[in-house]
Ligand code: F6R
């Protein structure tokens, strides 16, 4: 696991965007694994700027997101579909048919999980997977206690996760209780993984991750089982390590 420490969120976002742009320049048909949440917002802004400022194009790229809330229609203002549209897809030239997220309102959640894992296998492997880090160590929505060999599945969100994400909703009561998420083993199929963590509230989780104690109580620790992981953190997220 490589650890890169940056001065602040801006520097981290620039570096992450450079890595993504390099990946797409080397292989214009790259498969990018994407995350939602606050952490990749700077990266997505920089990727959007890359279109106008650096002549980037994503027209042959496929994207596959980690997760989606169950019960939210893709057009719901708080769905991860809408999040990705607002923060990335409407600013770059990825064809709509190449943008993949789980359907949060399927007829059968089980079938949707299977469909999504099959999709991952058919368009994948993911060349570069972007991850954020939950304060409780989750990646995707693989909450503490998740077995590492599970593929895409339905998960009950931890209370801490719903609290953390309440800022995107009016109140915690509006945060869905369940989500569909790629599993740890789905994530580890990626060729390369880039985990981003920013801010003081991630310092404890970053410290725990770097202790290399591989346990299902801290799902991000399974990243130690992957040969090509880089974690990019800013000073605040790294402060307990200095
Ligand atoms: C989002 C996801 C989550 C977030 C994590 C960190 O698609 O899979 O694992 O990456 O909850 O969220 P932020 O970046 O909002 O702190």
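The C-beta contact set for the stretch 141-161 (first residue on the phi > 0 side of the Ramachandran plot, second residue within 13 Å of the ligand (Cβ to nearest atom), distance under 9 angstrom, 6+ apart or interchain) comprises 145/158; 145/219.
Scanning the stretch 122-167 for residues that are away from the ligand (no atom under 11 Å from the Cβ), surrounded by 15 or more Cβ atoms within 10 Å (Cβ to Cβ) and in a loop (DSSP other than H, G, I, E, B) yields 124, 126, 127, 144, 146, 148, 150, 151, 152.
Of all residues in the stretch 17-36, none are without any contact (Cβ under 8 Å) to a residue 40 or more places away in the chain, farther than 21 Å from residue 191 by Cα and buried (at least 16 other Cβ atoms within 10 Å of the Cβ).
Quick note: the coordinates plus some simple rules give every number you see, no bench work behind them. Predicted model, so just to flag it, every value in this text is computed and none were measured. When we count neighbours, we look across all protein chains shown, and the Cβ atoms used for this are built from the backbone with ideal geometry, even at glycine.
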